[in-house]
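Below is one structure, written out as structure tokens; the observations come after it.
The values are calculated or read from the model by the stated rules, or taken from the named source; none is laboratory data. Fair warning: this is a prediction, and the values are worked out from it, not measured in the lab. Every residue, glycine as well, gets a Cβ built from its backbone with ideal geometry; the counts of neighbours run over all protein chains shown. Surface areas here come from the heavy atoms of the whole protein model, side chains and all, with no ligands, DNA or RNA. Shrake-Rupley method; radii C 1.70, N 1.55, O 1.52, S 1.80 Å.
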Amino acid sequence: MAACTLLGVSSLSAQPPAYLDDSLPLETRVQDALSRMTTAEKIAIIHAQSKFSSPGVQRLGIPGIWCTDGPHGIRPDVLWDEWEQAGATNDSCVAFPALTCLAATWNPEMSALYGKSIGEEARYRNKNVLLGPV
């Protein structure tokens, strides 16, 4: 009987933590992840480690965060500690029109297409957060 009980407990503990369970609501996952993080980890994840990046929480399998800004689209990658472009030969970006021009159209469909397009480019370039543009 004790062996069955132990087996039952060990099989329950084999379930992934809530923050890794895609089937759970986002709020539940976030709260679970936050409850597992130390204060130092919470501060680190919102504090830059370089231009446009913050560390993740390796202990919990939370990846680092890569940000980008514009001013009118996704910025070409820059060097870790300088503003010079990184010079990647496979790096290019779309120069979108200024958002004041988009706003002046009063066109919701065009605005939605702009958002979708800039989001696709950010995702293609492995960016998690868009700080702008502008």
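The table below lists the values:
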quantity: Region 57-70, subset part of a loop (DSSP other than H, G, I, E, B) and under 10 Å from the mean Cα position of the chain (by Cα), residue farthest from A86 (Cα to Cα); calculated: P63
quantity: Lone unmet requirement of (1) surrounded by 10 or more Cβ atoms within 10 Å (Cβ to Cβ); (2) more than 22 Å from the chain's Cα centre (by Cα) for S92; calculated: (2)
quantity: Condition check for A104: in a loop (DSSP other than H, G, I, E, B) and either among the hydrophobic types (A, V, I, L, M, F, W, C) or open to solvent by 60 Å² or more (accessible area, probe 1.4 Å) (or both); calculated: no
quantity: Unique match (being more than 26 Å from E121 (Cα to Cα), of a type in the set (S, T, Y), at pLDDT 80 or above and open to solvent by 90 Å² or more (accessible area, probe 1.4 Å)) among T39, T28; calculated: T39
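Here's the yes/no breakdown for (1) surrounded by 15 or more Cβ atoms within 10 Å (Cβ to Cβ); (2) outside any loop (DSSP other than H, G, I, E, B); (3) touching a residue at least 60 places away in the same chain (Cβ under 8 Å):
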| residue | (1), (2), (3) |
| --- | --- |
| L34 | no, yes, no |
| H72 | yes, no, yes |
| P97 | no, no, no |
| T100 | no, yes, no |
